[in-house]
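These notes concern the structure reproduced below.
The values are calculated or read from the model by the stated rules, or taken from the named source; none is laboratory data. Small disclaimer: the values here were computed from a predicted structure and weren't measured. A quick note on method: Cβ atoms are made from the backbone with ideal geometry, for glycine too, and the neighbour counts reach across all protein chains shown.
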Amino acid sequence: MVGPNMATDTQKLEELAELLRGRRTIGLFDDKPVPQELVLSAIDVARWAPNHHVTEPWHFYLLGERSRLAMIALIRSIAVAKKGEKAGEFKAAAAAVVPGWLVVTCRRSADEVLQQEDYAACSCAIQNLMLYLWQAGVGCKWATSDVTLDKGLVDLIGFDPQLEFAVGIIRYGYPKVVPRQERSALSAILTKLE
């Protein structure tokens, strides 16, 4: 059993640290499909994210082939409207090679503090999902682009925008390329108070 009272296992902690440090946003994917059972397991783990008063404010929409094609068309139309036909074709071609898609939404709240807490919980859930998939060799890209704000996404997914809003679109698949990345020194982001 794992818990705060367990003796520290340095090897397990280092393995977890490597997982956390090693996860990357993936932009290029192999065409190998990701087993749906793996994605469902990742969603199951995602829902164990911390959420104040156990509100469980998230909802996951797993896109099948028809909705994937509709997503590609939506991405194309938004890019065409914003930057022209050439940009639309480029964006559609890039989206067409993405093996898997999820849309994550958050329940709306009239309470501003609760809404902020729920959005943070959804973000934690997405991180859980991405870490689980990364451990299984699957990379993700969490997008909060124009598509998440477009009414076309509401129509495509079929959620009620009065009750929920899109937190992100998660593209996933086996990575073709894993980018390298660095972070600022700990001293640059840490202030110790007396």
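A few comments on the model shown:
- Residues satisfying the stated conditions in region 53-73, i.e. without any contact (Cβ under 8 Å) to a residue 12 or more places away in the chain and among the β-branched types (Val, Ile, Thr): VAL54
- Selection within region 31-46: residues that are in contact (Cβ under 8 Å) with a residue 12 or more places away in the chain and of a type in the set (D, E, K, R). The member of this set that is farthest from ALA95 (Cα to Cα) is LYS32.
- Looking across region 168-180 at every residue that is in a loop (DSSP other than H, G, I, E, B) and under 19 Å from the mean Cα position of the chain (by Cα), the one that is farthest from ALA136 (Cα to Cα) is identified as PRO179.
- Residue within region 92-101 that is out of contact with any Asp or Glu (no Cβ under 8 Å at 6 or more places or on another chain), loosely packed, with under 15 Cβ neighbours inside 10 Å, at pLDDT 95 or above and over 20 Å from TRP48 (Cβ atoms) present: yes
- Of all residues in region 25-54, those being under 17 Å from GLN127 (Cβ atoms) and at pLDDT below 95 number 3.
Here is a yes/no grid of residues against (1) over 25 Å from LYS91 (Cα atoms); (2) exposed (fewer than 10 other Cβ atoms within 10 Å of the Cβ); (3) modelled with pLDDT of 95 or more; (4) touching a strand residue (DSSP E or B) at 6+ places or on another chain (Cβ under 8 Å):
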position	(1), (2), (3), (4)
ALA120	yes, no, yes, no
ILE157	no, no, yes, yes
LEU163	yes, no, yes, yes
ARG171	no, no, yes, yes
TYR174	no, no, yes, yes
VAL177	no, no, no, no
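- Odd one out for LEU28 among (1) farther than 30 Å from ASP111 by Cβ; (2) in contact (Cβ under 8 Å) with a residue 24 or more places away in the chain; (3) of a type outside the set (D, E, K, R); (4) out of contact with any strand residue (DSSP E or B) (no Cβ under 9 Å at 6 or more places or on another chain): (4)
- Cβ separations smaller than 7 Å between residues 6+ apart or across chains give no pair from region 75-93 residues that are farther than 18 Å from LYS151 by Cβ and touching a residue at least 60 places away in the same chain (Cβ under 8 Å) to residues that are part of a helix (DSSP H, G or I) and not polar (S, T, N, Q).
- Residue in region 123-146 that is of a type in the set (D, E, K, R) and either at pLDDT below 95 or crowded, with 19+ Cβ neighbours inside 10 Å (or both) present: yes
- Failed item, numbered, when LEU153 is tested on (1) within 22 Å of ALA49 (Cβ to Cβ); (2) crowded, with 20+ Cβ neighbours inside 10 Å: (1)
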